[in-house]
Each structure stands twice: as structure tokens, then as C-alpha cells.
Amino acid sequence: MAGRQSMNRGWSGLVALVVLLGVFVGLGATAGKLYWNRVEARGEQLARTELVELAKAEIPKVLGYEYKTVEGSLTETFPMFTGDYRREFEARAINDIIPQARERQLVNQVDVTGVGVQDAKRTAGSVLVFISRTVTSGKSKEPLHEGSRLRVDFRKVDSKWLISNIVPI
């Protein structure tokens, strides 16, 4: 009988220990989830602020140029892009934009008139950019004024936001 009581106490202690460990693991998982949710929310809020400012600063540089300096000004923007989009933009610049700008003596002035966040995560986001563009051609002194909307996708690479796509809407 004494052996049975000692055995019951041993099982009771083991069950209590397992239950206690389960409670600690559950509390740890809950605390970890709450912490991660807070990290995500802070990251999203920071991304929203950063992406708006980046779009305002970078889009005029990316889309604006003057035919005399178009190659240099576009080349300076290449580091603003992710690898895949950089190759795509670079090919478009070399094959289309630079030759047309020089041939038609184009001056393309771009002003950002508004930016709205479509989606923002800690490492990726999209903004809607409203631009006002004035294009002047050396052959026609009459400037062309137009407005457009762009979706600009960003991706964070090595803690730096880079443009991963620009799509006219």
C-alpha cells in the first residue's frame, strides 16, 4: 500500500509537471505571437511613411530628363531599382528613351502631385503616385501637359527600399 501511494504521488507530480510545462509553452507562444504582431504593425506603419517620401523623391528623377543629359540622369537612377527591374528599365532606357529623347530633343519634367499607399508590409509595398508631366520637344516649342497615375512597387533589399516595378494605371 505504501508503494502504491508513493507511485500515485510520482504520477501526480509528473502530470502536474507536464501541465505546468504546457502552460508555460502556451504562454510563451502567445507572448511570441503578440510580440510578432506588434513588430509587423510597426514595420507596416514605418513602411507607409517611408514609401510615400521615397516615391515623392525618386519618381521625378526616374521619369524626368533633358535630352542633353538623359543618359547620365537615367544612369544615376539605376541603383534605385531591384536587380530584375533594373535590367528591364536599363534596356528600355538604352533602346527607347535615350534615342527618342535625343532625336526629338525632349525635355520631360515630372512633378509628383500626390501619393497614396495601396499596400505596405515590412519588406514590400505599393503606392499610387499621381504625376503632372510637361514634355517639351525641340521641334515643337508648344509644351504638352498631362497627368497620369502610376503604381510603384517597392521591395526592401538589405534594409534599403528599391523600386521593383512601375506600372501606368
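Structural remarks
Rundown of residues vs (1) surrounded by 12 or more Cβ atoms within 10 Å (Cβ to Cβ); (2) among the acidic types (Asp, Glu); (3) modelled with pLDDT of 95 or more, yes/no style:
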| site | (1), (2), (3) |
| --- | --- |
| 91 | no, no, yes |
| 97 | yes, no, yes |
| 111 | yes, yes, yes |
| 114 | yes, no, yes |
| 118 | yes, no, yes |
| 121 | yes, no, no |
| 124 | yes, no, yes |
| 137 | yes, no, no |
| 147 | no, no, yes |
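- Within the stretch 67-108, being of a type in the set (D, E, K, R) and within 25 Å of the chain's Cα centre (by Cα) holds for 76, 84, 86, 87, 88, 90, 92.
- Exactly one residue out of 154, 130 is among the aromatic types (Phe, Trp, Tyr), in a strand (DSSP E or B) and over 9 Å from the mean Cα position of the chain (by Cα): that is 130.
- Applying the criterion of being of a type outside the set (A, V, I, L, M, F, W, C) and farther than 15 Å from residue 121 by Cβ to the residues of the stretch 151-166, the residue that is surrounded by the fewest Cβ atoms within 10 Å (Cβ to Cβ) is 158.
- Evaluation of residue 118 against (1) outside any strand (DSSP E or B); (2) closer than 20 Å to residue 55 by Cα (one fails), failing number: (1)
- Count of residues meeting criterion [over 9 Å from residue 121 (Cα atoms), under 12 Å from the mean Cα position of the chain (by Cα) and small (Gly, Ala, Ser)] in the stretch 32-55: 1
Yes/no per residue for (1) under 30 Å from residue 142 (Cα atoms); (2) in a helix (DSSP H, G or I); (3) out of contact with any strand residue (DSSP E or B) (no Cβ under 9 Å at 6 or more places or on another chain):
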| site | (1), (2), (3) |
| --- | --- |
| 20 | no, yes, yes |
| 43 | no, yes, no |
| 51 | no, yes, no |
| 79 | no, yes, no |
| 87 | no, yes, no |
| 94 | yes, yes, yes |
| 97 | yes, yes, no |
| 103 | yes, yes, yes |
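- Residues of the stretch 76-123 that are among the polar types (S, T, N, Q) and under 12 Å from residue 63 (Cβ atoms): 77, 108, 109.
- Contact map, the stretch 30-45: first residue in contact (Cβ under 8 Å) with a residue 12 or more places away in the chain, second residue in a helix (DSSP H, G or I), Cβ cut-off under 7 Å, separation 6 or more or different chains; the map is empty.
- Test: residue in the stretch 55-70 that is farther than 21 Å from residue 148 by Cβ and either out of contact with any Leu (no Cβ under 8 Å at 6 or more places or on another chain) or of a type in the set (Lys, Arg) (or both): yes
The values are calculated or read from the model by the stated rules, or taken from the named source; none is laboratory data. Model, not experiment: these values are computed from the prediction. As a convention, Cβ positions derive from the backbone with ideal geometry for all residues, glycine included, and neighbour counts pool all protein chains shown.
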